[in-house]
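A short reminder: the numbers here are calculations on the coordinates, not readings from a lab. Quick caveat, the model's predicted, so the values are computed rather than measured. Glycine gets a Cβ as well: all are built from the backbone with ideal geometry, and neighbour counts include every protein chain shown.
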Amino acid sequence: MKLEDLKKIREKASKEIELRQKQARVKIVVGMGTSGIAAGAREVLKTLLDEIATRNLTDVMVTQTGEKGLASHEPMIEIYEEGKEVVVYGNIDAEKAKRIIAEHIVNHKPVSEYVIEV
Amino acid sequence: MMDDICAHITDIVANSLSAGAKNVLVSIELSKTRNILSLKISDNGKGMDKETAAKVVDPFYSTKTGRKVGLGIPLLKGTAETCGGSFTLSSNAGVGTEIEVSFLLDHPDLPPLGKLKDTILILSVSNPEVNFSFKIKTDERDFFFDTEEINKILDGLPIHDPEVIKFLTNYLDENLEFI
């Protein structure tokens, strides 16, 4: 497998590229400071990327941020969606991350039991 | 607290990102013949003056006032010293920071390397505005992964596109089998 093979993906995508270049509909931010990492944030981030890949979610992007000062709720993720209030989830693991993708991101119903107050 | 070497790498890189780095280089050398695991992480973030650089290795120091964090660097230094290795941090305000650390590969307290492929994928995909270079070297082989090169090929297609994530996952799986 060579990096050059990426060109095929680029060519295939060229028709829809203008659409994809527009800002992502949903931005998921994962807390990856020291306490987040120690609590399992890497596993959560990897799960989110896997879900985006398998469900082909072209309008969702995942980014990382540093400490939020709420170490007891790590791993934490924030969901930014156009025209909606920010939703903050706490104490997330891989399974919960999958559920958030399925229910919140795909079906637009936040998973209220994982939401924390900030 | 830090389960593996990749957790330390992710944590040190998070410092680089917080310092506003746009270029981050991570080199990992694993040499059985020399019995050493060495890491180098350098960035072009805002850097630190001498005084601050001396303080960040202190577990009771953080630039984030009021938060009991900033333990990452002392933890890494502690692991290196426990494992018969060395730790150096050099930084220049306005230029960037470089951390070099080594461990004895056969030391019983050396944490496992951890999931290197996932680490490279996570950092590259979730920080699209940062150029990452990863150099992985063993006695037999080496591997170089550079997001600037990838973005050049992608020519506007975001690195977090689902097809690109799939490709990079498989690409890293295949090319890092030797680790």
In debye, nearest 20: dipole of region A:25-114 around its Cα centre with unit charges on the Cβ of K, R (+) and D, E (-)?
120
What whole number of Å gives the distance from the Cα centroid of region A:50-118 to the Cα centroid of region B:90-165?
25
Over 19 Å between Cα atoms, which of A:Lys8/B:Lys22; A:Lys109/B:Lys166; B:Lys115/B:Lys135 qualify?
A:Lys8/B:Lys22; A:Lys109/B:Lys166
For chain A, modelled as a Gaussian network with Cα springs under 10 Å, which listed residue fluctuates most, A:Gly90, A:Gly66, A:Gly36?
A:Gly66
Using only the Cα atoms of the protein assembly as shown, what do you get for the radius of gyration and for Dmax, in Å?
19.2, 58
Could you pull out the chymotrypsin sites (Phe, Trp or Tyr not before Pro) across region B:127-179 that fall in loop regions by DSSP (anything but H, G, I, E, B) with no more than 13 other Cβ atoms inside 10 Å?
B:Phe178
Using Cβ counts within 10 Å as a stand-in for footprinting exposure, how do A:Tyr80, A:Tyr89 rank, fewest first?
A:Tyr80, A:Tyr89
Taking loop as defined by DSSP and a crowding limit of 15 other beta carbons within 10 Å, which trypsin sites (Lys or Arg not before Pro) in region A:37-97 fit?
A:Arg55, A:Lys84
In chain B, helical segments from DSSP H whose Cα atoms cover 18 Å or more along their own axis and that average at least 0.5 on the Kyte-Doolittle scale are B:5-18
Under the Karplus curve 6.51 cos²θ - 1.76 cosθ + 1.60, θ = phi - 60°, whole-Hz ³J(HN,Hα) for region A:103-115, x wherever Gly or Pro sits:
8, 7, 6, 7, 9, 6, 10, x, 8, 4, 5, 9, 6
Considering only B:Leu89, B:Thr138, B:Leu121, whose Cα is most displaced toward the positive end of the charge dipole of chain B, charges sitting on Cβ of Lys, Arg (+1) and Asp, Glu (-1)?
B:Leu89
Using +1 on the beta carbon of Lys and Arg, -1 on that of Asp and Glu, and nothing else charged, what's the dipole of the protein assembly as shown about the Cα centre, debye to 20?
400
Out of all DSSP beta bridges in region A:25-114, what portion is antiparallel? Express it as a percent rounded to 5.
55
Evaluate peptide A:45-53: per residue, the Cβ atoms of other protein chains within 10 Å of its Cβ; return the mean as an integer.
6
Relative contact order for chain B, counting Cα pairs under 8 Å that sit 6 or more residues apart, in percent:
25
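With +1 on the Cβ of every Lys and Arg and -1 on the Cβ of every Asp and Glu, and nothing else charged, how large is the dipole of region B:87-149 about its Cα centre, in debye rounded to the nearest 20?
With Lys and Arg at +1 and Asp and Glu at -1, about 120 debye.
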Filtering trypsin sites (Lys or Arg not before Pro) in region B:106-162 by DSSP loop and by at most 15 other Cβ atoms within 10 Å leaves B:Arg141
How about A:Lys12: which aspartates and glutamates have a C-alpha closer than 20 Å to its C-alpha, ignoring those fewer than 8 places off in the same chain?
A:Glu4, A:Asp59, B:Glu149, B:Asp155, B:Asp161, B:Glu163
Just from the alpha-carbon atoms, what are the Rg and Dmax of chain B in angstroms?
16.5, 47
Taking a spot 7 Å from the Cα of B:Lys137 along the direction of its beta carbon, which residues of region B:1-44 have an amide N less than 13 Å from it?
B:26-32, B:34, B:36-41
Rounded, prolate or oblate for region B:85-150? Axes are the square roots of the Cα gyration tensor eigenvalues, ordered a ≥ b ≥ c, and the cut-off for rounded is a/c under 1.5.
oblate
Zone of B:Phe144 (label point 7 Å along Cα→Cβ, backbone N under 14 Å): which residues in region B:27-50?
B:27-28
Need one number: % antiparallel among DSSP beta bridges in the protein assembly as shown, to the nearest 5.
75
Just for the Cα atoms in region A:33-118, what are the lengths along the principal axes, largest first, rounded to whole Å?
30, 24, 20
Among A:His108, A:Ser72, A:Ile52 the positive-end extreme of the charge dipole of region A:25-114 (Cβ point charges)
A:Ile52
